[in-house]
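Novice: What follows is a structure written as structure tokens; I'll ask about it next.
Bear in mind these aren't lab numbers, they're just calculated from the coordinates by the rules spelled out. The structure presented is a predicted model; accordingly, all values stated were derived computationally and were not measured. Reconstructed Cβ throughout: ideal geometry from the backbone, glycine too, with neighbour counts over all protein chains shown.
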Amino acid sequence: MRLKEIQRTAHQAWSPAVHHPIHLALGTSAQQLDASFNTTAALEIFELDFADPSMDMELKGSINTTNRLHSLVWVNFGLGENGSVGRLVAGAENGTVTVYKPESIIGSDPDSAPDSAADAVVGQSDKHTGPVRALDFNPFQNNLLASGANDSEIYIWDLNNFNSPMTPGAKSQPAEDVSVISWNRQVQHILASASPSGKAVVWDLRKNEPIIKISDHSNRMHCSGMLWHPDVATQLVLASEDDRLPVIQMWDLRFATSPLKVLENHTRGILSISWSQADPELLLSSAKDNRILCWNPNTGEVIYELPTTNQWCFDVQWCPRNPALLSTASFDGRITVYSVMGGSLAPQQHGTVDKISSSFDSMDPFGTGQMLPPLQKPPKWIRRPVGASFGFGGKLTPQPVPRQVHLSQVTTETEFLQRSRELQTALQTGAFNHYCQGKIQTAKTDAEQDIWKFLLVNFEDEARIKFLRLLGFNKDDLELKVRHNTPSLKSFTWDVLQRLDDADAAAKTSGSVSPADFFSQTPKDTPFQIPVTCDTDGLISQALLVGNFEGAVDLCLNDGRYAEAILLAISGGEELLKKTQQKYLSKQKNSVSMLISSVVTQNWKDIVESCELDNWKEALAALLTYAHPEDFAHLCDTLGGRLESEQTEKRSLQACLCYICSGNIEKLVECWALHRDCSSPLGLEDLVEKVMMLRKSIERLRNSEVSVQSPVLAEKLTRYAGILAAEGSLSTAMAYLPENSEEVRRRRPYFCSSSPGSGMPPIMPSPGVPPTGFMPSTSLPSGPIAPPSSQPGAPVPMYPGAIHNQGPAPPPMPGAPYTPMGAGYPQGGPGAPAAKPYPPASVPPPQTGQYSRCIYFLNDRYLTFIESYSVSPQLLQQLPAERVEQKEIPSEHLVLKSTFDSLVQRGQLAAGDPQTKRKLDDAAKRLGFLYDKLRDQSLSPHILNGLHEISRCVAGQDYQRGLEVHTQIVSSSNFSEISGFMPVLKMLMTIATRLGV
């Protein structure tokens, strides 16, 4: 399918295979003009981002050039040195060969930096007398470059010394233009050149002369392309641009009298060819019949055709890094990138495609978004024995070559791992305040910022006062507002209020009330009369005179004299005061009466259960100010439950703040998981960060480890540990694995440890038995038993081991601040400092010697991870030896192995010179490829019959007949199938003939 496209009339060059990301260099093509008749020239570099669904390619940089180009190659010379990304070599229409630094072009803009072109040029030469149409670099020595131009000019350039090129030999006669040049892919000193007349010359640079010339006898072969076989050193293909002979000829230099195969399917001349280096059975060709075909050169079949526009494609190239990609350059000014793996356009492009295709009925299939058929054969890079498998811990194991295994670490969640490392660092170093402050600064929403502010307060002194400030209640600001709203009160009034406060405080502390001190200070300047009439004043006076306080209070309440009623109730005792308060509060129905009632009666349950949810901040503030430590956590949870029951995201975040104040980790996790997406790694990281900070704040208050029994949290932490393990962070993953939840018991994690001197191997618990091993921890429980210490720098586990003391925290020492036992209740009243944690117990030094940990997961099958610092030889002796099973060669083919091995041995005994012995030793090794083929039974019957005939000839020492059979097999078989062992057999028979064995 078509992936990317850009409007350019240019020659193209892919970045080298080892370079990432993939770049495509474009140089303005010579002898071509666009509709604007623009004659400028430029060299541009684009980056291909396939995560972007659009067709555009991002321009990374460009420079202006003085000449347009006929050829362009990207060489991996100096790749990686000082940030180098190789070299770009351009052949211009005036005979100039120029070498550019791509890293200098990337980021350049010819408009803003006109001198950038000069900075990018490394070397330049004008030794050629005509247009440089042919360029190619040596695949073995990337500093060697070959160029071809007019008058049979061929130069070999050394990029280390660009000023002094060499020639492969004398110019071929008669002098012709060199249209294409190509280095051999198997032999580094072999170079081939071809001219438009159809003649190809093969040069041996060691001898500095041509060794063979091939040409078509029809004299109609106008050569437009030539390529060496990627695997077979003696085979190459020639493409004809002549409309009378639009063919691709495959030649074998061992039989250079006529083409080995002729690929015929194009109807007009071929303009460009490209041979895949990843799969020799994929050969691309573009022609003047507007077709791009993909051939299997071994069979001559067309296995794929790319629909194109109505313009010719003059250049087609495979991508070196991604073997499924190819690019084309057409005369209508389009550079297009395709994939041969099939597929259709992205869904987001369908709307535009359908709109265009409805207006243009003759549009090409790519434009209409039709599904394209894939290759008719699987490409080599996805066929056996090539493969890959993922292992535990994010390990990727590819198998590109038999008997070789490479392990690599696959990391897909980079941001997740970075945040996990930051969290683990904070847990190990104890820098919780700094961590929370960083989260506050990077929070993307106000709600997220509020949550981290509440978590930060848990690690600070005077937590309750700071919680109130976060809720918007400041004691100092409130006092200023009160003074501002009561300007008419006299100083006497403030004195009266102060004495009332003192009296109320005395009533609460002593239980006995004596208002004499208050009334003794009231002014008595004039005499007064005591009424004894039958009205309310008289009855009150009579009740007071006889000591009936309860009757006097009732009379005051009925007459609305609430202040006198309260004052008299104080003198009547604590029981009368309570009754008077209840009667008074029952008659008050204003908005503040419920709050006053709760303050007086200390009944906060009604507030959290009955207040409007819009007043949740006020309710929480009242709890922070007045609630008793034993009731605080339960009341906060009740308020949070009411907020959570609304089932909205806003209320759920408010409920989370209540759970943070109460220190209820389980409720926080359940609420967060219910209303937030925790399925993605980053969503799960958000939850774990908050849980770990809340847990550490609770441990700071209790001075002991916190064991959480929530199944939801256990499931989340197990998933979190699984993601860490899949990304390769196995040691960190172990720190988060819970020990005693139902979810973990279902997955059966077992922890084992062993220490030197015990004389026993690591103990593995039986299935169904809870684990009793240890996990390293940085915080110690208070108790006589101390757990084994962790390794230095080990991750902090989420849960303590089974041998940790899980009992209640020790009682406070005499005279020490009160330490509440509620779940996470902030210590002290308003203004009181937070209690300091108990001094930590001394940590014993870590044990030395052997230390190992094992994890076994049972989820359809066992996955095993073993971490070992040192393993004793005795333990290694107990491990069973691993046996590698190898297939046997079929009995009917064992005669081949015995015959050829016997020939090698006879030759080694008879050989006198070291060179022949080295050849025989190498032949003995390379025969293993034949034996592997026999074991896999992957050879065709025709080849097997030929091998048995050669075996009989070798046994009878008829080596001349054996060589004749060898030639027949090579000429009539797929050479890629036999190239691994047939040259060895020929060499063995040749040496045997010379040695007479």
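Novice: List the lysines whose alpha-carbon lies under 28 Å from that of K583, not counting same-chain residues fewer than 8 positions away?
Specialist: Cα-Cα hits under 28 Å: K508, K605.
Novice: Kindly flag which residue pairs out of K60/K127; K578/K617; K207/K986; K897/K925 have an alpha-carbon separation exceeding 20 Å in this structure.
Specialist: K60/K127; K578/K617; K207/K986
Novice: Kindly put H406, H229 in sequence by how many other C-beta atoms sit within 10 Å of each C-beta, fewest to most.
Specialist: Ascending Cβ contact count within 10 Å gives the list H406, H229.
Novice: Another question, if that's okay. Note down the nm distance, to one decimal, between modelled labels 7 Å out along Cα→Cβ at Q968 and at H20.
Specialist: 5.1 nm
Novice: Ranking Y931, Y100, Y959 by Cβ neighbours within 10 Å, fewest first, what do you get?
Specialist: Ascending Cβ contact count within 10 Å gives the list Y931, Y959, Y100.
Novice: Just want the answer: with Cβ charges of +1 for Lys and Arg and -1 for Asp and Glu, which residue in L985, S971, L894 is farthest toward the dipole's positive end in the stretch 892-995?
Specialist: Checked the options; the winner is L985.
Novice: Along Cα→Cβ, 7 Å out, is where each label goes; now give me the distance between the ones at M166 and D119 in nm to one decimal.
Specialist: Inter-label distance under the simple model: 3.6 nm.
Novice: Between the stretch 404-464 and the stretch 218-239, how far is it from one alpha carbon centroid to the other, in angstrom?
Specialist: Measuring centre to centre over Cα atoms gives 62 Å.
Novice: Test of understanding: what is the full-extension gain from A256 to I106, defined as 0.36 nm times their sequence separation minus their Cα-Cα distance?
Specialist: Result: 49.4 nm gained on full extension.
Novice: Fully extended, how many nm does the chain gain between V895 and A447 (0.36 nm per residue separation, minus their Cα-Cα distance)?
Specialist: Value of the extension gain: 153.3 nm.
Novice: Answer rounded, prolate or oblate for the stretch 892-995, using the Cα gyration tensor with square roots of eigenvalues a ≥ b ≥ c: rounded when a/c is under 1.5, else prolate when a/b is larger than b/c, else oblate.
Specialist: Taking the square roots of the gyration eigenvalues as a ≥ b ≥ c, the stretch 892-995 is prolate.
Novice: Can I ask one more? For the stretch 645-675, which GluC sites (Glu not before Pro) pass both filters: DSSP loop (anything but H, G, I, E, B) and at most 11 other C-beta atoms within 10 Å?
Specialist: none
Novice: Let me ask something additional. Among rounded, prolate and oblate, which fits the stretch 145-250 when a ≥ b ≥ c are the square roots of the eigenvalues of its C-alpha gyration tensor, a/c under 1.5 means rounded, and a/b larger than b/c means prolate?
Specialist: prolate
Novice: Further question on the same structure: Please give the residues of the stretch 221-249, grouped as numeric ranges, whose backbone N is less than 19 Å from a label point set 7 Å along the Cα-to-Cβ vector of Q376.
Specialist: 247-249
Novice: For R220 paired with Q32, estimate the spin-label separation in nm (one decimal), with each label point 7 Å from Cα along the Cα-to-Cβ line.
Specialist: Label at R220, label at Q32, 2.8 nm between them.
Novice: Considering only DSSP states other than H, G, I, E and B, which chymotrypsin sites (Phe, Trp or Tyr not before Pro) in the stretch 430-463 qualify as loop sites with at most 10 other Cβ atoms within 10 Å?
Specialist: Here no chymotrypsin sites (Phe, Trp or Tyr not before Pro) fit, given the DSSP loop and packing criteria.
Novice: Where the centre of each part is set by its Cα atoms, how far does the stretch 606-681 sit from the stretch 268-288, in angstrom?
Specialist: 69 Å
Novice: In the stretch 217-325, which trypsin sites (Lys or Arg not before Pro) fall in coil by DSSP and have 13 or fewer other Cβ atoms within 10 Å?
Specialist: Those satisfying the criteria are R220, R244.
Novice: Taking the Cβ of each residue in M1, M55 as the centre, tally the other Cβ atoms inside 10 Å and list the residues starting with the fewest.
Specialist: The order, fewest Cβ neighbours first, is M55, M1.
Novice: Considering all alpha-carbon pairs of the stretch 1-167, what whole percent are spaced by more than 28 angstrom?
Specialist: Considering the stretch 1-167, 20 percent of its Cα-Cα pairs are separated by more than 28 Å.
Novice: If you don't mind, there's one more thing I want to ask. How much length is gained if the chain between M987 and A388 is pulled fully straight, taking 0.36 nm per residue apart and subtracting their Cα-Cα distance, in nm to one decimal?
Specialist: 212.1 nm
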